[in-house]
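Chemist: Submitted below is the structure of interest, expressed as structure tokens.
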């Protein structure tokens, strides 16, 4: 890829996106708006959906045949986490040896370990990544060219990843507007267990605990707290499965903290309760 995405020539010749949904569609829209690619191709399972994405102008063409990506300089895999490894290997079988592949999966250890042999030494190179951006909405119809603007994207090199490939993937996300950070895959998964995967379970538990007679009392606080429970369970089961150990550790930490709240209430220890609530407030206020 050329050195500068801000020159008169696009950085990427052909950008391939496998999985043209909300995230894949937003990558296409962002790349289009910023002039990062001469050509954008989409790969998926549904020809009519791909045709609709083409008509919308997100992609230049779409196909159910992965061979449409054979000329791609960069391919982004935007499929569920339990499909990323197989999809990446399929892409690698048709791409040229100089091509780069990345993904958008929210779990990284298993993906990066199983694709460690794609290090660019004998074919395309894979470098994992995870943009911390999304929505409860689904489908390319909700694609947003500014979805990644100012949002963190974690790049997770592993094994023999080459610096030139890591930097190219970091530059790609930076060009889409992301704030790029680099982390080891296990470190990424432990952090996401605490900040994303555990919150989803908590929201699901709270939503599942709602009694039918209580729905009229479920005001904005409850709705805000449980919004992410509306996520597609079929997407979340593979995420939780692939990050099982880290999620269980995060659950144990939460149970310990909930135990402190329970003890304070059981013993009418409102001083301890206040300290717990104040600590929580400081942590939350520090996010703003």
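Where a number appears in this text, it was derived from the coordinates with a stated rule and is not lab data. Everything quoted here is computed from the prediction, not taken from an experiment. Reconstructed Cβ throughout: ideal geometry from the backbone, glycine too, with neighbour counts over all protein chains shown.
Chemist: Just for the chain, what percent of DSSP beta bridges are antiparallel, to the closest 5?
Modeler: Roughly 20 percent of the DSSP beta bridges within the chain come out antiparallel.
Chemist: Using a 10 angstrom cutoff on alpha carbons, build the Gaussian network for the chain and name the most mobile of 165, 269, 117.
Modeler: The residue with the greatest mean-square fluctuation here is 269.
Chemist: Which shape class applies to the stretch 188-285: rounded if a/c is under 1.5, otherwise prolate when a/b exceeds b/c and oblate if not, where a ≥ b ≥ c are the square roots of the Cα gyration tensor eigenvalues?
Modeler: oblate
Chemist: For the Cα atoms of the chain, what angle does the longest principal axis make with the long axis of helix 22-33, in degrees from 0 to 90, nearest 10?
Modeler: That helix lies at roughly 50 degrees to the long axis.
Chemist: May I pose another question? For the chain, what is the mean residue ellipticity at 222 nm derived from helices alone (per DSSP H run of n ≥ 4: -39500 (n - 2.57); sum divided by total residues; nearest 500 deg cm²/dmol)?
Modeler: Numbers: 11 runs with 124 residues, N = 288.
Result for the chain, helices only: -13000 deg cm²/dmol.
Chemist: When the chain is modelled as a GNM with alpha-carbon springs shorter than 10 Å, which of 49, 11, 257 fluctuates the most?
Modeler: Its mean-square fluctuation being the largest, the pick is 257.
Chemist: Which one of 253, 266, 83 has the biggest mean-square fluctuation once the chain is modelled by GNM with Cα springs under 10 Å?
Modeler: 266
Chemist: Hey, another quick one. With a cut-off of 8 Å between alpha carbons and a minimum separation of six or more residues, what is the relative contact order of the stretch 188-285 in percent?
Modeler: Across the stretch 188-285, relative contact order equals 33 percent.
Chemist: With angles folded into 0 to 90 degrees, how steeply does helix 270-285 sit against the dominant principal axis of the chain? Use alpha carbons for both and round to 10.
Modeler: Computed tilt is about 20 degrees.
Chemist: If you wrap the chain's Cα atoms in a convex hull and average its projection over all directions, what's the area in nm²?
Modeler: So the mean shadow area of the Cα hull is 17.0 nm².
Chemist: Still on this model: Restricting the count to DSSP beta bridges whose residues both fall in the stretch 78-196, what percent are antiparallel, rounded to a multiple of 5?
Modeler: Working: 5 of 11 bridges.
Among the beta bridges of the stretch 78-196, antiparallel pairing accounts for roughly 45 percent.
Chemist: In Å, what Kirkwood hydrodynamic radius results for the stretch 101-244 from the alpha-carbon pair distances?
Modeler: Roughly 16.8 Å, rounded to one decimal.
Chemist: Output the relative contact order of the stretch 142-239, whole-number percent, from Cα pairs under 8 angstrom with separation of 6+ residues.
Modeler: Computed over the stretch 142-239, the figure is 25 percent.
Chemist: Okay, next question. Which order do the peptides 220-231, 96-107 take when ranked by the mean count of other beta-carbon atoms within 10 Å per residue, highest first?
Modeler: 96-107, 220-231
Chemist: A further question on this structure: Per residue and in Å³, how big is the convex hull formed by the alpha-carbon atoms of the stretch 17-102? It would help to have the intermediate numbers written out before the result.
Modeler: Numbers: hull volume 7.1 nm³, N = 86.
Spread over its residues, the Cα hull of the stretch 17-102 gives 83 Å³ apiece.
Chemist: Hey, if you drop one equal point scatterer on each alpha-carbon of the stretch 12-183 and run the Debye formula without solvent, what base-10 log of I(q)/I(0) do you get at q = 0.08, 0.12, 0.14 Å⁻¹?
Modeler: -0.19, -0.45, -0.63
Chemist: Now for a separate question. Measure nothing fancy, just the Cα-based angle from helix 163-175's long axis to the longest principal axis of the chain, in degrees from 0 to 90, nearest 10.
Modeler: Helix 163-175 and the main axis of the chain meet at about 70 degrees.
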